[in-house]
Amino acid sequence: MTTDRLSRLIRDMKGAGSAVVVMSPHLDDAVLSCGALLAHLAARHLITVATVFTAAAPPPWSLPARRQLRALGGVDAEAFFAQRRAEDRDVLAGIGVAAVHLGFRDALFRRGRRGPAYPTFRFDAARGRVASCDARLAAEVSARVGEITRASEAGVVFAPLGIGRHVDHLITRRAARELGRPIRTVYYSDFPYSQTAGPEPGFVQRAGLVPHPWLSGRAENASRIAGYRTQFAGLFRDGTVPTRPEIYWVAANDSTIAT
């Protein structure tokens, strides 16, 4: 059955008392994509959500960054991200998990030698083409997350599958892959991108991943998602969070084999 492998992994984790690290590209992705399962696991496991891209940068900003700030009423970028970090800490504390903000700059605020790393969202940041100035970023992220996994003695890492092809999600996925063994990596479908896009077939095939749904607690997780007030209206314009299952992708042999 499709749920056997995920259920077995959770049973193994409970038996071993495994600590868990969740790699979240942005300050809401872990709860958007994994909140229901995290709430289920939090009673028995030490869980750390390591959010990667948690900061802005001084001006000049890219056009999409300026548009985003204007849409929010002309707020200062640093104040905006400070508010987002506070939201994230509050929501994760309510679940009973630790929040670590790694402080890397969001894609729309990163710059290369000749200007913005991603001049537009639609044609750059959301196309999956990692800018040359970000070539070493995954390795830097992996090193930081590796420190967290070792300090917490985590046996399992949850990482984004990269659905939607946002460059920050793909960089986070690559960083998880570079952690290597003996960490067991479980990938999660990036919600809400997963409502309109599918996974990258080549990556899924190379990693030998099989999807497993998790629905328990999904309806209750909507209230946690609403705690991200700066993001909620833009993500869910009708004010309703769909209660489709969270989807987790586990390697057929329960090990990290992505290349």
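The values are calculated or read from the model by the stated rules, or taken from the named source; none is laboratory data. Bear in mind that the values here come from a model prediction, so they are computed numbers and not experimental data. For neighbour counting, all protein chains shown are included, and Cβ atoms are generated from backbone atoms with ideal geometry for every residue, glycine included. These accessible areas exclude ligands, DNA and RNA; they are computed on the full protein's heavy atoms, side chains included. Shrake-Rupley method; radii C 1.70, N 1.55, O 1.52, S 1.80 Å.
How about region 58-71: which of its residues are in contact with a Gly (Cβ under 9 Å, 6 or more places away or on another chain), outside any helix (DSSP H, G or I) and surrounded by fewer than 18 Cβ atoms within 10 Å (Cβ to Cβ)? Of everything in region 58-71, just one residue is in contact with a Gly (Cβ under 9 Å, 6 or more places away or on another chain), outside any helix (DSSP H, G or I) and surrounded by fewer than 18 Cβ atoms within 10 Å (Cβ to Cβ), namely PRO60.
Tally the residues that are in a loop (DSSP other than H, G, I, E, B) and out of contact with any Lys or Arg (no Cβ under 8 Å at 6 or more places or on another chain), restricting the search to region 126-149.
Keep residues of region 126-149 that are in a loop (DSSP other than H, G, I, E, B), which gives 126-131, 135-136.
Pick out the ones that are also out of contact with any Lys or Arg (no Cβ under 8 Å at 6 or more places or on another chain) and you get 129-130, 135-136.
Residues flagged as in a loop (DSSP other than H, G, I, E, B) and out of contact with any Lys or Arg (no Cβ under 8 Å at 6 or more places or on another chain) within region 126-149 amount to 4.
Please enumerate the residues belonging to region 159-184 that are open to solvent by less than 10 Å² (accessible area, probe 1.4 Å) and either without any contact (Cβ under 8 Å) to a residue 24 or more places away in the chain or over 16 Å from ALA138 (Cα atoms) (or both). Listed by number, the list holds a single entry, ILE163. Taken over region 126-147, the criterion of being of a type in the set (A, V, I, L, M, F, W, C) and modelled with pLDDT under 95 is satisfied by ALA126 alone. Of the helices (runs of 4 or more DSSP H) lying entirely inside region 150-259, those containing at least 2 residues that are modelled with pLDDT of 95 or more and within 19 Å of VAL52 (Cβ to Cβ) are 167-177.
Looking at the structure I just gave you, is ARG122 among the basic types (Lys, Arg), part of a helix (DSSP H, G or I) and in contact with a Pro (Cβ under 9 Å, 6 or more places away or on another chain)? Even if it seems obvious, please write down each step before you answer.
On the way: among the basic types (Lys, Arg): yes; part of a helix (DSSP H, G or I): yes; in contact with a Pro (Cβ under 9 Å, 6 or more places away or on another chain): yes.
Yes: the conditions hold for ARG122.
Taken over region 72-104, the criterion of being more than 19 Å from the chain's Cα centre (by Cα), open to solvent by 20 Å² or more (accessible area, probe 1.4 Å) and among the hydrophobic types (A, V, I, L, M, F, W, C) is satisfied by LEU72, VAL75, ALA79.
For region 26-34, does any single residue satisfy the condition of being under 30 Å from HIS212 (Cβ atoms), part of a helix (DSSP H, G or I), of a type in the set (A, V, I, L, M) and more than 15 Å from the chain's Cα centre (by Cα)? Don't jump to the end; show me each part of the working.
The initial filter retains those residues of region 26-34 that are under 30 Å from HIS212 (Cβ atoms), namely 26-34.
Within this subset, residues satisfying the condition of being part of a helix (DSSP H, G or I) are 29-34.
Filter once more, so that each one left must be of a type in the set (A, V, I, L, M): 30-32.
Next cut, more than 15 Å from the chain's Cα centre (by Cα) only: none.
Within region 26-34 (the criterion being under 30 Å from HIS212 (Cβ atoms), part of a helix (DSSP H, G or I), of a type in the set (A, V, I, L, M) and more than 15 Å from the chain's Cα centre (by Cα)), the answer is no, since none of the residues qualifies.
Being touching a strand residue (DSSP E or B) at 6+ places or on another chain (Cβ under 7 Å), at pLDDT below 95 and closer than 30 Å to PRO245 by Cβ is true for just one of ALA99, ALA16, ALA57. Which residue is that? Unique residue meeting the criteria: ALA16.
Among the candidates ALA107, ALA117, the residue that is of a type outside the set (Phe, Trp, Tyr), open to solvent by less than 20 Å² (accessible area, probe 1.4 Å) and over 21 Å from ALA50 (Cα atoms) is uniquely ALA117.
Open to solvent by less than 50 Å² (accessible area, probe 1.4 Å), touching a residue at least 40 places away in the same chain (Cβ under 8 Å) and in contact with a Gly (Cβ under 9 Å, 6 or more places away or on another chain): is that true of PHE191 in this structure?
no
Taking region 221-250 as the range and being under 22 Å from GLY96 (Cβ atoms), touching a residue at least 24 places away in the same chain (Cβ under 8 Å) and in contact with a Ser or Thr (Cβ under 8 Å, 6 or more places away or on another chain) as the test, the residues that pass are GLU246, TYR248. Residues that are farther than 30 Å from ASN221 by Cβ and surrounded by fewer than 17 Cβ atoms within 10 Å (Cβ to Cβ) within region 120-133 comprise THR120, PHE123, ARG129, SER132, CYS133, listed in sequence order. Within region 22-57, the set of residues being touching a helix residue (DSSP H, G or I) at 6+ places or on another chain (Cβ under 7 Å) and either open to solvent by 10 Å² or more (accessible area, probe 1.4 Å) or acidic (Asp, Glu) (or both) comprises HIS26, ASP28, ALA39, ALA42, ARG44, HIS45, LEU46, THR48, ALA55.
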